[in-house]
1. Starting from the residue with the highest accessible area, list D221, D49, D204, D173 in decreasing order, probe 1.4 Å.
2. Let me check I've understood the local charge: for R288, count other residues with C-beta under 9 angstrom from its C-beta, Lys and Arg +1, Asp and Glu -1. What total comes out?
3. May I ask you to list the GluC sites (Glu not before Pro) in segment 27-132 that are in a DSSP loop and have at most 13 other Cβ atoms within 10 Å of their Cβ?
4. What does the helix-only formula give at 222 nm for the chain: each DSSP H stretch with n ≥ 4 adding -39500 (n - 2.57), the total divided by the residues, and the result rounded to the nearest 500 deg cm²/dmol?
5. Here are a few candidate values for percent of Cα pairs over 27 Å apart: [x] 50; [y] 57; [z] 46. Which one was actually calculated from the structure I just gave you?
6. Counting only C-alpha contacts under 8 Å and six or more residues apart, can you give the relative contact order of segment 240-329 as a whole percent?
7. Taking the Cα centre of each part, how many Å lie between segment 65-89 and segment 251-315?
8. Report the paramagnetic label zone for A22: residues of segment 92-124 whose backbone N is under 16 Å from a point 7 Å from Cα along the Cα-to-Cβ axis.
Amino acid sequence: MDHPTTHPFSALGPETVLDALAAVGLFGDGRLLALNSYENRVYQAGIEDGKPVVVKFYRPQRWSDAAILEEHAFLAELHEREIPVVPPVAIDGRTLHAFGAFRFAVFERHGGRAPELSDPNVLEWTGRFIGRIHAVGAARPFTERPALDIETFGIESRDYLLANGFLPPELVDPYRSVAAQALDGIHRCYERAGDVLLLRLHGDCHGGNVLWTDAGPHFVDFDDARMGPAVQDLWMMLSGERQEMVRQLSDILAGYEDFVEFDPRQLHLVEALRTLRLMHYAAWLARRWDDPAFPAAFPWFNTQRYWQDRILELREQVALMDEPPLWPV
């Protein structure tokens, strides 16, 4: 599928980044490093007579100003309670700034390495901090950000792909069929879980968004923060065979429940949430295909093999959603 040659981010060159920083009183020294981000554009910038900063330019039309500021306020709440997150820097009393067509925020640079998620101590330590995040997240709801739910992540994702001609004609019916089965399975998982509490989440809490230092973990990239069940911030830390995931979950919950009680009914949602993420991810790539960075970074997307693999993946998830849930030992 063709995509336009011009995209809003096409105008975001190095000079624009440095001019935006200068507009808020931060003068770059010419060192500019693009960091790994596709939804937004994120750069590390050297600053004259100061420490380097990280500047995030938000994707136009994705979040409203109010939704971005709600994320910033959540980060401020967590930071005030000495939970290791990286909040945006307030400059002249504001954390969200505008320059031309772009909105951006500035963050202190925090280094770190990937956590050793095979280490029980690391998992327990990480679980403690996720528990502390959730204790704060349960105090009040988001009002500007959407919830992680079946409609937005599942039904809308399926409908977008089918309505916009991304699937090869011969795979439309197989995808439509397996997506319907997957959505039925997701609904059954939610029925088994019952009425679970929704709270403010990190939303994309996997090992890549946890940076580790000798002082422990700190959590970055709350761009997907939204309302959802607590288990959403736990299951992406799990990997490997079922027995291994059971052990990992036990280690995480050992730390998590030092600060907040975990409702075990939510374990019925793990495979449902995984299925929703898979459906949403395929539609996310499709929705962003007009951004030239996406065809360059994801050349395998929208090939015959890609959609065949997605159909097989959903079939596997349909079976997994009917298996007994993981239970910690």
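The values are calculated or read from the model by the stated rules, or taken from the named source; none is laboratory data. Treat the numbers as computed from the prediction; the structure is a model and nothing was measured. Neighbour counts are summed over all protein chains in view; Cβ atoms, including those assigned to glycine, are modelled from backbone coordinates with ideal geometry. When the accessible area is computed, the model is the full protein with side chains, heavy atoms only, and any ligands, DNA or RNA have been set aside. Shrake-Rupley method; radii C 1.70, N 1.55, O 1.52, S 1.80 Å.
1. D49, D173, D221, D204
2. -1
3. Filter output for segment 27-132: E48, E82, E116.
4. My calculation for the chain gives -13000 deg cm²/dmol from helical runs alone.
5. [x]
6. About 57 percent, as a whole number.
7. Distance between centres, Cα-based: 25 Å.
8. Residues passing the 16 Å test: 99-100.
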